[in-house]
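What follows is a set of notes on a single structure, which appears directly below.
Coordinate-derived values only; no laboratory data. Keep in mind the model is a prediction, meaning the values are calculated, not measured. Glycine also receives a Cβ, built like all others from the backbone with ideal geometry; neighbour counts cover every protein chain displayed.
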């Protein structure tokens, strides 16, 4: 397997099993992942939160069971933020989607098995173009998986964000009429989901970023001022781990452009 690009702020986060347990509830406010009972799975999460994404993915796959979730999250975050080759990025998303789908069969009540399939397919769709992905039927798959994740885990803020983004992206690409009739995408539902996500996880930098993007897609340039304010809040938030750091850095970069 090719070596993944290193997290650019290596060494800034130094969780161990004990400190991760203490911060678990706050770090997993977005995905509602339960604290693992298996020590190997917990260790894979330690690697993940410290930004050792490839090691976290390998350790999660080796542990199996709930370890699949940390492997999928590590690969997804790495592909989203750090992988520069488009083909490698898309391949990683498809691997995550396939693993998550298999995980659903083994553990159908695992909300994150549904969430990571949807996340990976959603990012893959953005990579190949949303219009092309909709034509391939990926939109329906993403929507159904996210709705299932929320049904299983009603406080899953990240699933609310992703489902809101589905509504926004579809309407942005095909318009509200076709979006609503063909894909069940609705502007008011999208905006409401963004708000719900930030109620569930008020400090989420990625929640603020996605809401800002979605607001502009759904409401147009008149919301640019509000969107910029959300980006500024995201950029000013204090990241607790490697992924949150990547979110904050992305917000800062967007504001500089």
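In table form, for the structure just shown:
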{"quantity": "Computed helical MRE - 222 nm, the chain, DSSP H runs ≥ 4 contributing -39500 (n - 2.57), nearest 500", "calculated": "-24500 deg cm²/dmol"}
{"quantity": "Mean Cβ neighbour count within 10 Å, used as a protection proxy, ranking 135-141, 10-16 highest first", "calculated": "135-141, 10-16"}
{"quantity": "Gain upon complete extension [residue 147, residue 233; 0.36 nm per residue less C-alpha separation]", "calculated": "28.1 nm"}
{"quantity": "Extension reserve of the residue 224-residue 87 stretch, reckoned as 0.36 nm per residue once the Cα distance is removed", "calculated": "46.1 nm"}
{"quantity": "Footprinting exposure proxy for 28, 49, 9 (fewest neighbouring C-beta atoms within 10 Å first)", "calculated": "9, 28, 49"}
{"quantity": "Computed FRET value (nearest 0.05) for residue 131 with residue 26, which takes r as the C-beta separation and R₀ as 35 Å", "calculated": "0.35"}
{"quantity": "Peptides 194-200, 168-174, 34-40 ordered by average Cβ neighbours within 10 Å, highest first", "calculated": "168-174, 194-200, 34-40"}
{"quantity": "Relative pair counts by distance (%), Cα atoms of region 1-112, 10 Å bins", "calculated": "15, 47, 33, 5"}
{"quantity": "Residues of region 131-161 with amide N under 18 Å of a point placed 7 Å along Cα→Cβ from residue 178", "calculated": "131-141"}
{"quantity": "Backbone N within region 50-77 under 20 Å of label point (7 Å from residue 19 Cα along the Cβ vector)", "calculated": "50-57"}
